[in-house]
1. Ratio of the chain's C-alpha Rg to 2.2 N^0.38 Å, to two decimals?
2. Arrange 382, 208 by Cβ neighbour counts within 10 Å, fewest through most, would you?
3. Taking the simple approach of a point 7 Å from Cα along Cα-to-Cβ for both residue 332 and residue 185, what is their distance in nm?
4. For the pair residue 429/residue 382, report the inter-label distance in nm, with labels modelled 7 Å from Cα in the Cβ direction.
5. Under the definition of Cα pairs under 8 Å and six or more residues apart, what whole-number percent is the relative contact order of the chain?
6. Give me the Å³ per residue figure for the convex hull around the C-alpha atoms of the stretch 88-164.
7. Could you tell me the distance between the Cα centroids of the stretch 159-184 and the stretch 248-298, to the nearest Å?
8. Sorting 133, 115, 267, 233 on the 10 Å Cβ count, fewest up front, what's the list?
């Protein structure tokens, strides 16, 4: 999934003026971006910014549980930085020239090796020449949307899905996302039948499907897709003649069984068209470094790579950032130890949160990856409808003071599910948040 942030998503501050009657001063495309901020996904962030929780100065404020960032292993990163000051130094001639907008050849080689370990488990080779570096995974999805679809074309997306996909695919490329239905009864996993049903429904409506966009591991459910599910997706795109975009940004944040399996590894087990498969990755999640804005588009399609490399002029990673991350990733022993320890901390935190929630009567979907739980608050709904869920969400955000992402923002097929991010707050704050859920029950 592409990086989640709120500072660049929200409407201007209260001191700014937006007169929609004068929106003709900008393009319709620009206006559509302004209009895109009315989702509960963004409105919850607004409330948090307006009234942020602080245990001392604002104990009644809104607690941010809608942002998938991890602070669990910042101490490890700080230790490495303190002991490697040379990583922030580099020859001035490196930044005195225009770079290769696909990424420095030396950096792509290092990054390919990193992907081999995290995504491939040391069993799948990644070719540096198949990588285009981008300013975060968000930019990689934006570029792929531009490369693969015309305005108005469709990407199918298994639901529930990461709300940012709409921004990444639609804001500039105007790609329409159509949810593929799933059910809590099978862990919100899509089936071949649901994929075909969504595709044929689009055909009936005259909509052209260009790709299947998948997050593996899933966001917001937090489950990694099994090899057999990925094979079914490969067979589906092959039969329908479309592309597959696999967002694997939480690959190294899979902390429990089943183990993560990359689409790259699955493709080696059959006769699949590699030119139709594209992987999105980055360091915002697995390494906890979203501020560096380092993402990667990996493709076997030479036309996509050539186009993406040219578009990289608009979303390239700075040379100094590439030099720093290259030095960081080259310390393979540290990176392996970091990923191992970070997984332990993620698992311990999730297990603790799940148990605390269970004590309040709140259940969670089974998950083994990511920074969040997919929690079931349907017992608080006045009716099993999206409207009732929206009413509940307003109560949760504005009255109880918890910014949880509602299922409607994720196109959940069942009302009452919410995403609860657990890695960006300390345990004391999370304990306060869970006690507030008890107040909701009362």
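1. Compactness ratio reported: 0.96.
2. 382, 208
3. Once both label points are built, they end up 4.8 nm from each other.
4. Result for the modelled spin labels: 3.2 nm.
5. Value for the chain: 23 percent.
6. That works out to 167 Å³ per residue.
7. About 18 Å separates the Cα centre of the stretch 159-184 from the one of the stretch 248-298.
8. Ascending Cβ contact count within 10 Å gives the list 267, 233, 115, 133.
Every read-out reported here was derived from the displayed coordinates using simple, explicitly stated rules and does not represent laboratory data. Since the model is a prediction, treat every value here as computed from it, not as a measurement. We place every Cβ from the backbone using ideal geometry, glycine too, and count neighbours over all the protein chains shown.
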